[in-house]
Each structure stands twice: as C-alpha cells, then as structure tokens.
C-alpha cells in the first residue's frame with residue numbers, strides 16, 4: 001500500500017507569500033460571519049427550502065405542502081434563514097410570503113449545484 005505524504009518534509013515559511021496573503025485576507029469577524037452563513041446552508045431541509053424559493057416566492061403553507069413537512073417545521077427553518085439574512089418575507093393580506101433576500105443567495109445555490117453535478 002502506497003502512503004501519500006501530504007505534508008511538508010521540512011519546516012519552512014515562504015515569507016513573501018505569507019505577507020501577500022495577510023494583506024488580502026478578510027478580518028476574522030467577516031470570516032466568522034461567512035462560516036455562520038455556510039452553517040445555515042449546511043442543513044438539507046434549509047437547502048430544499050432555498051431551492052424552492054429560487055424558483056418563486058412562496059408562503060409557509062406552500063413550502064410545507066411542497067416539501068411534505070409541517071408548517072411549524074418549515075417556520076423553524078425559515079427563522080434560521082431569516083436570522084442569517086438569507087430569506088426575507090412580506091405580508092400579503094393574511095399570508096406571509098417568503099423569497100430569497102437577493103441574487104447572491106441564488107448564485108451560491110447555483111454554484112453549489114454546479115459543483116456537486118460535475
């Protein structure tokens with residue numbers, strides 16, 4: 001059995017490269033917020049909700065019927081997505097209609113699907 005050694009064989013730091021990267025890296029707080037965003041994408045139910053909302057705005061009842069889940073389960077997941085500013089809602093009479101907050105969310109979904117379908 002061939003063992004692949006995927007670590008450096010000697011300890012060395014390429015200072016020029018490291019310094020260039022340090023200047024380009026986002027602040028830790030922004031990277032933390034990005035990780036939180038990706039956590040929200042890390043649940044298959046939330047991904048299914050987002051995928052559905054990428055085609056049309058829908059109310060909780062629509063989503064519950066579409067995904068064969070209870071309205072309370074959908075509402076719980078929508079709260080998480082609202083908390084991460086991934087979805088937004090508007091009132092329409094007695095209904096609450098959900099949609100993706102902006103095109104960035106649709107792009108993230110689209111690129112993720114392209115990646116898994118390669």
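Just so it is clear, none of the values below were taken in a lab; they were calculated from the coordinates. The shown structure was predicted, so the numbers you read here are calculated from the model rather than taken from an experiment. Here the Cβ positions follow ideal geometry from the backbone for every residue, glycine too, while neighbour counts run over all protein chains shown.
For the reader, a short list of remarks on this structure follows.
- Residue satisfying all of: in region 62-90; over 18 Å from residue 40 (Cα atoms) and touching a strand residue (DSSP E or B) at 6+ places or on another chain (Cβ under 8 Å); surrounded by the fewest Cβ atoms within 10 Å (Cβ to Cβ) among these: 90
- Some residue of region 102-110 being outside any strand (DSSP E or B), in contact with a strand residue (DSSP E or B) (Cβ under 9 Å, 6 or more places away or on another chain) and free of Cβ contacts under 8 Å to residues at least 24 places away in the same chain: yes
- Test: residue in region 100-110 that is farther than 13 Å from residue 41 by Cα, surrounded by fewer than 17 Cβ atoms within 10 Å (Cβ to Cβ) and over 18 Å from the mean Cα position of the chain (by Cα): no
- Selection within region 33-55 - loosely packed, with under 11 Cβ neighbours inside 10 Å and more than 12 Å from the chain's Cα centre (by Cα): 55
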